[in-house]
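K.L.:
Mind having a look at this structure? Questions to follow.
The values are calculated or read from the model by the stated rules, or taken from the named source; none is laboratory data. Bear in mind that the values here come from a model prediction, so they are computed numbers and not experimental data. Note that we place each Cβ from the backbone using ideal geometry, even for glycine, and neighbour counts take in every protein chain shown.
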Amino acid sequence: MSCMGSNRTDLIRMPIQTTVLHRALLFSGIAIFTVLLLNGRLSPMSLYQWWFLLTASLATSLLLIAPVWKLERISTAVSPWPRLTGLVISSLYFLLLVLLAADYKLYSLYGFHINGFVVNLVLTPGGIESMGSSQSFYLTIAKVLLAALVLFFSLILFFPIERLLPQTLRGVRFWAGVFMLTFLAQGASYALAAYRYDKSVLGIADRVAFHVPVTAAGFLKKLGVERPPKPVGGEIKLKSGTMHYPLASITIADHAPKPNIVWLVAESWRWDMLDPEIMPHTWKFATEQGMRSLQHYSGGNGTRMGMFSQFYSLYGSYWFDALRARRQPVLFDVLDQQGYTKKGVTSALFSYPEFDQTIFSGFKQNELHSDDKGAGWERDQRNVDVLLDYMQQAQEPYFAFMFFESPHANYHFPPDAVIRPDYLPDFDYATMDLDKDIDRIKNRYINACHQLDKEFARVLAFLQTNDRLANTIVIITGDHGEEFMENGRWGHNSTFVQQQIRVPLILAGAGIKPGVLDRMTSHDDLIPTLLPLLGVTNPASDYGFGQNMQAQDFNRRYSVVSDWHGPALITPTAKFILAKNLVSNGSSVTNLNDKPLADDAVSSRDRKTLGLFMGDYSRYLQRY
């Protein structure tokens, strides 16, 4: 990994900035290899797995430092300011190490690497703020970066590591040869594993950041290498096209009812938090006046897809099409046609995810109100004031939406909301130990949900005064769930386990039949249930993938949950993992308790359901 001269005398005579660059290259290569190796390690591992991990980590580390090394070779040869050039390029090596360290931490927390989703989060206004990081986290990061910076530059300035190297480890040709051999070795191992669907290797490859997969199915087939049957499921191949939504013009019956609509969504609110102890006011309302679904699935494991599926009744992959088209949901076409006044309130920002360009793209600026200052519960308190003021003064019929942040990490709450006193007092992403602290972290979440209940109660109390509920449809749900290491992860946006995708659903008010719905329901069903109550006569298939939950023949055969990379299909007995990022590490089919399901245990009914879903997935795409 070094490009040093051919002998020790030449090395001693090199300008100091050149020696510094070589040391930076060497230390960076060692550090990157170590990080990749640690991140990719599984326990226990076979010798074959170790072989693949070592070759993949070495090849990837060499590939990562190659661009900076090439820049070093070119710039040091032509730069009129060699010392400044040395400082800049050494800093690039340091930034590369920081990137790898950040990726390592990201993967340890959420199970995914720096990818398009992460880049979108960083670059979109409001993205970083949506993480809910504490001040102690930023302070810790600053301290760690400063310490790492001092250590790195101390090593490359004063520690003559190159003198410890054998002569053979200094040449460019040597390391070029190592790169070619290791890349071919790990590439051949991965290609064979992909051809034979070998999860023991595919799972390791997914853990190595920026690993470059190599496939050779055609070549291996020509060689006569036996290939096992393809596992059930697998990555879904989306067809190209433009968004065609709705499929037909929306028709509204004459003299259609125009109830007010109050739509409340809570961040990270998972289904088992709707509990008489944790959320007594919301529980009382749900059990006494609402229709409550016991098996409700969000349309996503994160806010973007969870919100999108609620309002569009479309699968998450259509998010990208709606964003390009700046297409608001059919619901708001209907409300605009019927003369509704509208108000959207959020305790986050409408710019992240880009709801101001999708769901609420048809709202005027004065119809949107956001508040992202302070803790989530403080924003919620202020925003409920805004919401109630609007509902008190709005011209009817009106649509009122609010997004609540109380249950979002870092799960803040006031002292009077504490019902679990044994909670982690300082939630610092950089220093927390998930294995050790997870129970106390979850207690923070429970306290935050208890605070959320108080804010819901204020809105519900307003609606129940003077019988306003009789002329109002109320929808209360979560955008997605939240996991607390029940299946090895914390938070959301990482997998399709139950804790990340199941949320409460409460419907109440005008036209809603109270009761309990003990069958699978989905966010996709909200619009098909709501629009008939507004006089829309079209069949639900014209504008979404959902069904009317109040219809006599309601019978959802499957639900679809998506993330940035693709979907998962949920049946009453199985989950088919079809998202690219999860398929790549060998995930395929599980039961509803998220335990792996062997192919021969997948029922014929579920196999048929998978086929139906695949055939209908692109219904709202118009082919080129």
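K.L.:
Of all strands (runs of 3 or more DSSP E) completely enclosed by the range 507-596, which ones contain at least 3 residues that are touching a helix residue (DSSP H, G or I) at 6+ places or on another chain (Cβ under 8 Å), buried (at least 24 other Cβ atoms within 10 Å of the Cβ) and modelled with pLDDT of 95 or more? Before the answer, list the steps.
P.N.:
Numbers: elements: 515-522, 559-563, 566-570, 575-577.
Because the criterion is at least 3 residues that are touching a helix residue (DSSP H, G or I) at 6+ places or on another chain (Cβ under 8 Å), buried (at least 24 other Cβ atoms within 10 Å of the Cβ) and modelled with pLDDT of 95 or more, the strands (runs of 3 or more DSSP E) in the range 507-596 that meet it are 559-563.
K.L.:
Another question, if that's okay. Anything in the range 432-485 that is polar (S, T, N, Q) and touching a Leu at 6+ places or on another chain (Cβ under 7 Å)? List them, or say none.
P.N.:
Going through the range 432-485, the residues polar (S, T, N, Q) turn out to be 443, 447, 451, 464-466, 471-472, 477.
Across the range 432-485, the qualifying residues are T472, T477.
K.L.:
Quick one: W319 ticks every box in (1) touching a strand residue (DSSP E or B) at 6+ places or on another chain (Cβ under 7 Å); (2) assigned to a helix (DSSP H, G or I) except a single one, so which number is it?
P.N.:
Only one criterion is unmet by W319, namely (1).
K.L.:
Every residue in the range 76-123 that is out of contact with any Pro (no Cβ under 9 Å at 6 or more places or on another chain), modelled with pLDDT under 85 and polar (S, T, N, Q), please.
P.N.:
Matches in the range 76-123: S79, T85, S108, N115.
K.L.:
Which residue out of L36, L53, L64 is closer than 20 Å to V214 by Cα and touching a Gly at 6+ places or on another chain (Cβ under 6 Å)?
P.N.:
On inspection, the qualifying residue turns out to be L53.
K.L.:
Just checking, how many residues over the range 367-391 are part of a helix (DSSP H, G or I), of a type outside the set (S, T, Y) and modelled with pLDDT of 95 or more? Walk me through how you get there before you give the answer.
P.N.:
From the range 367-391, those part of a helix (DSSP H, G or I) are 367, 376-391; that's our starting set.
Okay, now just the ones that are also of a type outside the set (S, T, Y), so 367, 376-389, 391.
Among the residues that remain, those that are also modelled with pLDDT of 95 or more are: 367, 377-389, 391.
Qualifying residue count for the region: 15.
K.L.:
May I ask you to list pairs of residues, at least six apart or on different chains, whose Cβ atoms are under 9 Å apart, with the first in the range 50-72 being over 19 Å from V98 (Cα atoms) and the second being of a type in the set (D, E, K, R) and in a helix (DSSP H, G or I)?
P.N.:
Short answer, once both residue conditions are applied: L53/R207.
K.L.:
Here is a check on your reading of the model: is W269 assigned by TED's automatic domain parsing to the domain that holds S522, aromatic (F, W, Y), part of a strand (DSSP E or B) and modelled with pLDDT of 95 or more?
P.N.:
On the way: assigned by TED's automatic domain parsing to the domain that holds S522: yes; aromatic (F, W, Y): yes; part of a strand (DSSP E or B): no; modelled with pLDDT of 95 or more: yes.
The answer is no for W269.
K.L.:
Something else: Answer yes or no: is there a residue in the range 34-41 that is within 22 Å of V178 (Cβ to Cβ), free of Cβ contacts under 8 Å to residues at least 12 places away in the same chain, assigned to a helix (DSSP H, G or I) and not small (G, A, S). Give the steps one after another, and end with the answer.
P.N.:
As a first pass, look at the range 34-41 and keep what is within 22 Å of V178 (Cβ to Cβ): 34-41.
Still in the list and also free of Cβ contacts under 8 Å to residues at least 12 places away in the same chain: 34.
This time we only want the ones that are assigned to a helix (DSSP H, G or I), so: 34.
Now restrict to residues that are not small (G, A, S): 34.
So far as the range 34-41 goes, yes, one or more of its residues are within 22 Å of V178 (Cβ to Cβ), free of Cβ contacts under 8 Å to residues at least 12 places away in the same chain, assigned to a helix (DSSP H, G or I) and not small (G, A, S).
K.L.:
Just the residues that are aliphatic (A, V, I, L, M) and within 13 Å of Y48 (Cβ to Cβ), please, taken from the range 168-201.
P.N.:
A185, A188, L192, A193, V201
K.L.:
Restricting attention to the range 137-152, does a residue exist that is at pLDDT below 85, surrounded by 17 or more Cβ atoms within 10 Å (Cβ to Cβ) and in contact with a Phe, Trp or Tyr (Cβ under 6 Å, 6 or more places away or on another chain)?
P.N.:
yes
K.L.:
Does the range 413-438 hold any residues that are touching a residue at least 24 places away in the same chain (Cβ under 8 Å), outside any loop (DSSP other than H, G, I, E, B) and under 26 Å from the mean Cα position of the chain (by Cα), and which are they?
P.N.:
Residues of the range 413-438 touching a residue at least 24 places away in the same chain (Cβ under 8 Å): 413-414, 417-420, 423, 426-431, 434-435, 438.
Those left that are additionally outside any loop (DSSP other than H, G, I, E, B): 417, 434-435, 438.
Answer for the range 413-438, where residues must be touching a residue at least 24 places away in the same chain (Cβ under 8 Å), outside any loop (DSSP other than H, G, I, E, B) and under 26 Å from the mean Cα position of the chain (by Cα): L434, D435, I438.
K.L.:
Filter the range 492-506 for residues that are in contact with a helix residue (DSSP H, G or I) (Cβ under 6 Å, 6 or more places away or on another chain) and outside any loop (DSSP other than H, G, I, E, B) and give the result. Outline the logic, then answer.
P.N.:
First, pick out the residues of the range 492-506 that are in contact with a helix residue (DSSP H, G or I) (Cβ under 6 Å, 6 or more places away or on another chain): 492, 494, 502-504, 506.
Within the range 492-506, R502, I506 meet the criteria.
K.L.:
Within the range 124-133, is even one residue more than 26 Å from the chain's Cα centre (by Cα), at pLDDT below 90 and assigned by TED's automatic domain parsing to the domain that holds T55? Steps first, please.
P.N.:
If we filter the range 124-133 for residues that are more than 26 Å from the chain's Cα centre (by Cα), which is where we start, we get none.
There is no residue in the range 124-133 that is more than 26 Å from the chain's Cα centre (by Cα), at pLDDT below 90 and assigned by TED's automatic domain parsing to the domain that holds T55.
K.L.:
Right, next: Name the one entry in D336, D321 that is closer than 15 Å to Y620 by Cβ, of a type in the set (D, E, K, R) and in contact (Cβ under 8 Å) with a residue 24 or more places away in the chain. Walk me through how you get there before you give the answer.
P.N.:
Details: D336 fails: closer than 15 Å to Y620 by Cβ.
Selected residue: D321, the only one of D336, D321 that is closer than 15 Å to Y620 by Cβ, of a type in the set (D, E, K, R) and in contact (Cβ under 8 Å) with a residue 24 or more places away in the chain.
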